[in-house]
C-alpha cells in the first residue's frame, strides 16, 4: 500500500491532539519526552497508518541518527499509554487519543485503497466477551481488524463497470 504524504506537523488538529496527549501522560505521572512527542506527531500527521520503518526514515530525515530501538521504545510507550494502536494486518500504527488504554479497538481496512477507519461497535464487544465468558475465558484486550472494500472504492468499481458496459 503506497503511503500518502503526511500533512504539515504544525496543523492545529495535530497541535491540539499533542496537547491532549501531554495532559493524559502527565495525569499518569509519565513523561512525553521530545522523541516520544515527535513520533506521536508523525503518526498524527500521517493520513494513513504508518509503519515503524517509515517513522524511522522520517526521524532520520530530521535528525540523521535515529535508530530502530529508539523508535520501538517510543512506540511501546505510546501503545502502553493508549495514545496509538498497532494495526497488525498492516504492521502500522494509528493515533488514538482520548480513549482509555486498552479500549476495544475495531478497524475497517479497505483492501483497495488502504483507508482505515476506527469504529465503535459495543454490541460486537459484548458478544465477544459473552462468548469468552461461556468458555471461562477473561478477555484482557480486544483489537478487531475487518478487511473489505470502503464505500468510495465500491462506488469507483460500480462507476468503472457502468462506463465499460456503455462502450
Against the definition (surrounded by 17 or more Cβ atoms within 10 Å (Cβ to Cβ), out of contact with any helix residue (DSSP H, G or I) (no Cβ under 7 Å at 6 or more places or on another chain) and outside the structural domain of residue 123 (by TED's automatic domain parsing)), how does residue 25 come out, yes or no?
yes
Looking at 90, 44, 55, 78, which is the one that is touching a residue at least 60 places away in the same chain (Cβ under 8 Å) and assigned by TED's automatic domain parsing to the domain that holds residue 23?
90
Selection from the stretch 93-103 of residues within 10 Å of the chain's Cα centre (by Cα) and without any contact (Cβ under 8 Å) to a residue 40 or more places away in the chain yields 96
Some residue of the stretch 146-166 being surrounded by fewer than 11 Cβ atoms within 10 Å (Cβ to Cβ) and in a loop (DSSP other than H, G, I, E, B)
no
Name the residue that is modelled with the highest pLDDT, counting only residues in the stretch 115-138 that are within 24 Å of residue 38 (Cα to Cα) and in contact with a helix residue (DSSP H, G or I) (Cβ under 9 Å, 6 or more places away or on another chain).
116
Mind checking whether some residue in the stretch 132-140 is touching a residue at least 24 places away in the same chain (Cβ under 8 Å) and outside any helix (DSSP H, G or I)?
yes
Kindly provide the set of residues from the stretch 71-86 that are buried (at least 16 other Cβ atoms within 10 Å of the Cβ) and in contact with a helix residue (DSSP H, G or I) (Cβ under 7 Å, 6 or more places away or on another chain), ordered by number.
71, 74, 75, 77, 78, 81, 83, 84, 86
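The values are calculated or read from the model by the stated rules, or taken from the named source; none is laboratory data. What you are looking at is a predicted structure, and each value in this text was computed from that prediction instead of being measured. Positions of Cβ are generated from backbone atoms using ideal geometry, with glycine treated the same way; all protein chains shown enter the neighbour counts.
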